[in-house]
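Asks: Shown below is the structure under consideration.
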Amino acid sequence: MHDASSIIAAKRDGRELSGAEIDWVVEAFTRGVVADEQMSALAMAIFFRGMTRDEVSRWTTAMISSGHRLDFTHLGRPTVDKHSTGGVGDKITLPLAPLVAACGAAVPQLSGRGLGHTGGTLDKLESIPGWRADLDTSEMAEILSDPEVGAVVCAASSDLAPADRRLYALRDVTGTVESIPLIASSIMSKKIAEGTGALVLDVKVGSGAFMKKLDDARELAQTMVDLGNDAGVRTMALLTAMDAPLGHTAGNALEVRESLEVLAGGGPSDVVELTLELAREMLKAAGIDGVDPADKLRDGSAMDRWRRMIAAQGGDPYAALPTARHTEVLLSESDGVVCGLDAMAVGLAAWRLGAGRERQGEPVQAGAGIELHVKPGETVSVGTPLVTLHTDTPERFAAAKAALSEAWTVVADAPPVITPLVIERIEDPSR
């Protein structure tokens, strides 16, 4: 017979929890037998004591077992998904999902809304008139099985890993969000439960990421790769740089516009590069050979898939996107070369302009955000436009400008040090 107090004390004292203890505490928490304050105490013990690979794997399995697990094996095509740990200007899912579908895979992408300085994929897509994020399982299956679509981006239903949903709400208010075992199990329980056959992880590292240090990002990536492969989902990860924002926009409709540029065969080079890198990894994980995703951008196939994907979820792919009612341009105050652009500062500024939220459920402005005119490596002079701020509420400009006051590092003559976009690749060494 198990009890919460003994399990909390065991982890507090550094003992590895047994599989039976983990199964019981997660199931009892789901039923309400383990109180919120007890699960909060256990989360804090895990934060300080950590978990072994066996513990994290069993914890993740218990989170999955608390709800429903989707199954798309009937589709007749390999399924593959991508998950990003979140960054500034990270719009990659928007062009990536239809691109990979155009290459022959089915892409069931469960995404979330933004919180704090990182934008949410669903917030971006909800700036498209008519588009809806909430689909049931039958609707997902219908879109994925359509040979002319094959990709869906939607919100996770409440019956996927419900224990994790409850636990995350507690972690958010108890200072335990940063626990790598709990981050990994939270992400992977939902990704495994969504029924994908393969998964590629984009783990951000740098000033604009949750993982600021390379070693922490590497540990998180390896933990998630192990969890996925242990669960029978072919999983690998890329560590990618997030010291500067991706592309030239951070916001909702602004990022949709930039994604459309990529799908049309143009767009910022870093967004195109990462989209293609991830697409190739997803196709490899799905076992699809002989298709170059770059060809699908060039010939319009990816754009066709985008339009069908948006229409399948009620959106109008040809409708005008929202624009902010007010804009303000910030100018360079010095001459030289931009050798640094703080992604965190840009993310905070976009949030303060109304593109993000501080608490779950708060509304966001579809047209709010940041439009960058210069990136690291470019030369500026006094008076060069650096950024345009977009918002419906001009009283927000002051707070956004304060966030950006030291975002750019401009030097007279030293060449910038540009971090490679893809830093490292991590996969199961047995594969």
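The values are calculated or read from the model by the stated rules, or taken from the named source; none is laboratory data. Just so we're clear, the structure is a prediction, and the values are computed from it rather than from any experiment. Ideal geometry is used to build each Cβ from the backbone, glycine not excepted, and the neighbour counts take in all protein chains shown. All accessible areas refer to the heavy atoms of the entire protein, side chains included, with ligands and DNA or RNA removed. Shrake-Rupley method; radii C 1.70, N 1.55, O 1.52, S 1.80 Å.
Asks: Show Arg53, Arg58 ordered by accessible area, largest first, where the area counts protein heavy atoms only and the probe is 1.4 Å.
Replies: My answer, sorted largest first, is Arg53, Arg58.
Asks: Same structure, new question: Using a 1.4 Å probe on the protein heavy atoms only, what accessible surface does Asp90 show? Give it in Å² to the nearest 10.
Replies: For Asp90, the solvent-accessible surface is approximately 20 Å².
Asks: Another question about this same structure. Sort Ser259, Ser6, Ser269, Ser84 by heavy-atom solvent-accessible area, probe 1.4 angstrom, most to least.
Replies: Final ranking, largest accessible area leading: Ser269, Ser6, Ser84, Ser259.
Asks: So what are segment 142-191's ellipsoid semi-axes, whole angstrom, largest first, if each one is the square root of 5 times an eigenvalue of the alpha-carbon gyration tensor?
Replies: Over the Cα atoms of segment 142-191, the semi-axes work out to 30, 11, 8 Å.
Asks: Check which residues have an amide H placed less than 5 Å from Leu199's amide H, if you skip close sequence neighbours.
Replies: Asp81, Arg234, Thr235, Met236
Asks: Using bins 5 angstrom wide from zero, how does P(r) for segment 4-49 break down, in % of all Cα pairs?
Replies: Each 5 Å bin holds this share of Cα pairs: 5, 25, 36, 25, 8, 1.
Asks: Also: Taking 0.36 nm per residue of separation and subtracting the Cα-Cα distance, what length does fully extending Val329 through Ser269 add?
Replies: 19.3 nm
Asks: Determine the calculated [θ] at 222 nm for the chain from helices alone, applying -39500 (n - 2.57) to every DSSP H run no shorter than 4 residues and normalising by the residue count; nearest 500 deg cm²/dmol.
Replies: -12500 deg cm²/dmol
Asks: With no solvent and one point on each alpha carbon, what is the Debye value of log10 I(q)/I(0) for segment 116-210 at q = 0.16, 0.17 Å⁻¹?
Replies: Result of the Debye calculation: -0.90, -1.01.
Asks: To the nearest µm²/s, what D does Stokes-Einstein give for the chain at 25 °C and 0.890 mPa s, using the Kirkwood radius over alpha carbon pairs as Rh?
Replies: Answer, rounded: 110 µm²/s.
Asks: Nearest 5 percent is fine: what portion of the DSSP beta bridges confined to the chain is antiparallel?
Replies: 55 percent
Asks: Shifting gears a bit: Where in the chain is the longest stretch that carries no GluC sites (Glu not before Pro) classed as loop by DSSP and with at most 16 other Cβ atoms within 10 Å?
Replies: 179-332
Asks: Now for a separate question. On the first, second and third principal axes, largest extent first, how far apart are the outermost C-alpha atoms of segment 23-115 in Å?
Replies: Largest first, segment 23-115 extends 47, 36, 25 Å along its Cα principal axes.
Asks: Moving on to the next point. Under 5 Å between amide H atoms, partner at least 5 residues away or on a different chain: which partners does Arg325 have, H built in plane at 1.01 Å?
Replies: Answer set, sorted by chain and number: Thr391, Asp392.
Asks: Also: Considering amide H positions built from the backbone, and no H for Pro or chain starts, which residues 5 or more places from Gly67, or on another chain, come under 5 Å of its amide H?
Replies: Ala161
Asks: Additional query: Where Lys and Arg each count +1 and Asp and Glu each count -1, what net charge lies around Ala106 among other residues with Cβ under 10 Å from its Cβ?
Replies: Every neighbour counted, the sum reads -1.
Asks: For Lys296, list the lysines whose Cα falls under 17 Å from its own Cα; do not include residues on the same chain fewer than 8 positions away.
Replies: Lys284
Asks: For the chain, set up a Gaussian network in which alpha carbons nearer than 10 Å are linked by springs, and say which option among Asp304, Asp81, Asp289 fluctuates the most.
Replies: Highest fluctuation of the listed residues: Asp289.
Asks: Using a 1.4 Å probe on the protein heavy atoms only, what accessible surface does Val233 show? Give it in Å² to the nearest 10.
Replies: 10 Å²
Asks: Short version: ³J(HN,Hα) in whole Hz for each residue of segment 363-380, in order, from phi by Karplus 6.51 cos²θ - 1.76 cosθ + 1.60 (θ = phi - 60°), x for Gly and Pro, what are they?
Replies: x, 10, 8, 5, x, 6, x, 10, 10, 8, 9, 9, 10, x, x, 9, 9, 10
Asks: Another one. Could you name the lysines whose alpha carbon sits less than 25 Å from that of Lys401, not counting residues in the same chain fewer than 8 places away?
Replies: Lys91, Lys124, Lys212, Lys375
Asks: I would also like to ask the following. If you find the alpha carbon centre of segment 225-285 and of segment 97-152, how far apart are they in angstrom?
Replies: 14 Å
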